[in-house]
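What follows is one structure encoded as structure tokens, with my remarks underneath.
The numbers here are math on the coordinates, done by the rules we state, and not lab data. As the structure is a prediction and not an experimental result, all values here were calculated from the model. Cβ coordinates were reconstructed from backbone atoms using ideal geometry, including for glycine residues, and neighbour counts include every protein chain displayed.
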Amino acid sequence: MTGSNVSFVLGTRPEIIKLAPVIQECHRRGVDTHVIHTGQHYSDSLDAVFFRQLGLSPPDANLEVGSDDHGAQTGAMLAGIEEELHDIEPAVVFVQGDTNSTLAGALVGSKVDVDVAHVEAGLRSFDDDMPEETNRVIIDHISDHLFPPTEETAALLRNEGIPEDRITVTGNTVVDAVQTYDDRAASESRILSELGLTEGQFDLLTAHRVETVDDRDAFERILSGVSRASAQADQEVIYPIHPRAEDRLEEFGIAVPARIRLVEPLGFFDFLRLESTADVVFTDSGGVQEETSILGTPCVTLRYGTERPETAFVGANCVAGREPSAIVAAATQMRGKAGDWKTPFGDGTAAVQIVDTIPELPAREAVTPTE
């Protein structure tokens, strides 16, 4: 069935990274792909650079939706994606994760009668205040092919009544991506020298979620806690600042503690290099929790729960919340860990397993050997 057409709907950094292995596996099997970028991340430093570094062609369509309220943003995506899918008529549409882009892609696919394949299905935070939690549930229940990363996430899908024949446990494609590009990041990235850093002699912070940075008190407490935790170990904190967080710092007039150094958003290789060489990573990002668990870097999650509990189960992550004293305690617990835990998200063959599962796509035997 070489020549089959599939569409990919994506809009954020994690989606680009985690769908890249699937796109590349499709190409290896001679499958035509059509990539629709919603423009949910609308800064070149947050998206286009990831296409370049991951060896992907630019997206076939960019809806340039940008930032807006959830309803307006999702509505604009629905209209643009529907037009694209009507033109392409793909055999299947792939979506990943839990963003508004993912929701819009899945909804349109279900409405125009195209099979929807959900990569990284079954994650649940059980926090209904998170917009992503609503997205996850809806996407899973309207998808035809669900690819949970672990047996635990598959069990959650079964408990919600999703038929077994829709569910295939594959591991997480982030393992495929990190294993593929970590060595290249180490050899090609110059971020440590550019920032004057030494391996293991700095901490890393990411904070961008709505519930983190749109609440002034929460944002200030997180910055205070991270600063105190790093001061205790005499470490500097590198904080690649997301545009949303930067806007809120200015809007709220928050003074960033001296211990924390703001830097511009980074490309995939530079950020991967910082993740792999930091002493501790503080984050509110689910993707960063995964990446650090794969890289063997201790992680402190700046939330009160996580949809990646496997990272905590294996000892790679401590869920601290937002209180400064709890952040300090979590960092003390995690700092110095050897990072020898078993990666909980598979063996790096998730993309192969995913493409194998889609009946409209060619089997591995159809792949032309390469030099």
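Rg/Rh for the range 147-260: what does it come to with C-alpha atoms and Rh from Kirkwood?
1.11
Treat every Asp and Glu Cβ in the chain as -1 and every Lys and Arg Cβ as +1, leave all other atoms uncharged, and give the resulting dipole magnitude about the Cα centre to the nearest 20 debye.
1060
Given springs between every Cα pair under 10 Å in a Gaussian network model of the chain, which of Leu302, Leu103, Leu361 has the largest fluctuation?
The residue with the greatest mean-square fluctuation here is Leu361.
How are the C-alpha pair distances of the range 190-334 spread across 5 Å bins, as whole percents from the shortest bin up?
That works out to 2, 11, 22, 25, 22, 14, 4, 0, in percent per bin.
Along its three principal axes, how long is the range 258-315 when you only count alpha carbons? Whole Å, largest extent first please.
31, 24, 18
Filter the GluC sites (Glu not before Pro) in the range 71-173 to those in DSSP coil with at most 12 other Cβ atoms within 10 Å of their Cβ, and list the result.
Sparse-neighbourhood loop GluC sites (Glu not before Pro): Glu160.
What angle, in degrees between 0 and 90 and rounded to the nearest 10, separates the Cα long axis of helix 216-232 from the longest principal axis of the Cα atoms of the chain?
60
If we count trypsin sites (Lys or Arg not before Pro) as exposed when they sit in a DSSP loop and have at most 11 other beta carbons within 10 Å, what is the longest stretch of the chain that avoids them all?
The longest such stretch corresponds to 1-189.
Once Rh for the range 9-104 is found with the Kirkwood sum over Cα pairs, what is the Stokes-Einstein diffusion coefficient at 37 °C and 0.692 mPa s, in µm²/s?
This corresponds to a translational diffusion coefficient of 244 µm²/s.
Do you know the relative contact order of the chain, to the nearest whole percent, from alpha carbon pairs under 8 angstrom that are 6+ apart?
17
For the range 282-329, what value does the Rg/Rh ratio take when both radii are computed over Cα atoms and Rh is the Kirkwood radius, given to two decimals?
Across the range 282-329, the Cα-based Rg/Rh ratio is 0.93.
By the scheme Lys and Arg +1, Asp and Glu -1, what is the net charge of all other residues having a beta-carbon under 9 Å from that of Val112?
Spelling it out: positives minus negatives among the neighbours equals -2.
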